[in-house]
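For reference, the structure is listed below as structure tokens.
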Amino acid sequence: MVLTIELLDKKKHNRSAFVSGNDSLDNYIRKQASQELQKKVCTVFVLIDSPNVDIIAYYTLSSYTVDVASLDESFAKTLPRYPLLPATLLGRLAVSQAYQGKGMGELILIDALKRVLDATTQIASLAVIVEAIDENAVSFYQRYGFQQFKQYPLKLYLPTKVIAKNFY
């Protein structure tokens, strides 16, 4: 058995057995994720223990724009004075209840950050943005350096410069 992170394939991966404990995240992977992937709204990556095709965890990535005025002053002052700048949205991240507390969230978060960083060589993105589902998720992201937006306590960002520093 080998842990593998790959693009969601609705014909291959077993989405129906995924239970994270959050109905919104569970329903998304079961009913909506493959449609959004097909329509190019986002990419959906799943963690499986190959050759088993049950989804252990998943996350989504998509293009995003961020209002510079909503960022921390020390970060915003280093950026061009455009009203909106390119970013990447880590829209959803969920781990199956059976694997929670075993480092799978960290594993897929790091994979997502690495993918974003790799993509910035071809498509600009100044930060990864997340919209945490609750305060526990906020704490999770803050452990990895994410900062809260001034006026949105459940919305956080991590500059790609910081990601690059952590990976290289």
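Residues in the stretch 89-105: is at least one within 22 Å of PRO159 (Cα to Cα) and in a helix (DSSP H, G or I)? Yes: the stretch 89-105 contains one or more residues that are within 22 Å of PRO159 (Cα to Cα) and in a helix (DSSP H, G or I).
Considering the stretch 76-88, the residues that are in a strand (DSSP E or B) and open to solvent by 40 Å² or more (accessible area, probe 1.4 Å) include one that is farthest from GLY21 (Cα to Cα), namely LEU84. Among the residues of the stretch 50-75, those identified as within 20 Å of GLN148 (Cβ to Cβ), surrounded by fewer than 16 Cβ atoms within 10 Å (Cβ to Cβ) and not charged (D, E, K, R) are THR65, ALA69, SER70, SER74. Can you find a residue in the stretch 90-109 that is among the charged types (D, E, K, R), at negative phi and surrounded by fewer than 17 Cβ atoms within 10 Å (Cβ to Cβ)? Yes: the stretch 90-109 contains one or more residues that are among the charged types (D, E, K, R), at negative phi and surrounded by fewer than 17 Cβ atoms within 10 Å (Cβ to Cβ).
Restricting the stretch 30-49 to residues that are in contact with a strand residue (DSSP E or B) (Cβ under 8 Å, 6 or more places away or on another chain) and over 14 Å from GLY91 (Cα atoms) leaves a set whose member that is most open to solvent (accessible area, probe 1.4 Å) is ASP49.
Residue-by-condition table, conditions (1) under 12 Å from the mean Cα position of the chain (by Cα); (2) under 26 Å from ALA69 (Cα atoms):
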{"position": "ALA98", "(1), (2)": "no, no"}
{"position": "LEU107", "(1), (2)": "yes, no"}
{"position": "LYS114", "(1), (2)": "yes, no"}
{"position": "ASP118", "(1), (2)": "no, no"}
{"position": "ILE123", "(1), (2)": "no, yes"}
{"position": "SER139", "(1), (2)": "no, yes"}
{"position": "GLY145", "(1), (2)": "no, yes"}
{"position": "PRO153", "(1), (2)": "no, yes"}
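Taking the stretch 142-159 as the range and being surrounded by 21 or more Cβ atoms within 10 Å (Cβ to Cβ) and of a type in the set (Ser, Thr, Tyr) as the test, only TYR157 passes.
The values are calculated or read from the model by the stated rules, or taken from the named source; none is laboratory data. The structure displayed is predicted, hence computed values, not measured ones. We place every Cβ from the backbone using ideal geometry, glycine too, and count neighbours over all the protein chains shown. Surface areas here come from the heavy atoms of the whole protein model, side chains and all, with no ligands, DNA or RNA. Shrake-Rupley method; radii C 1.70, N 1.55, O 1.52, S 1.80 Å.
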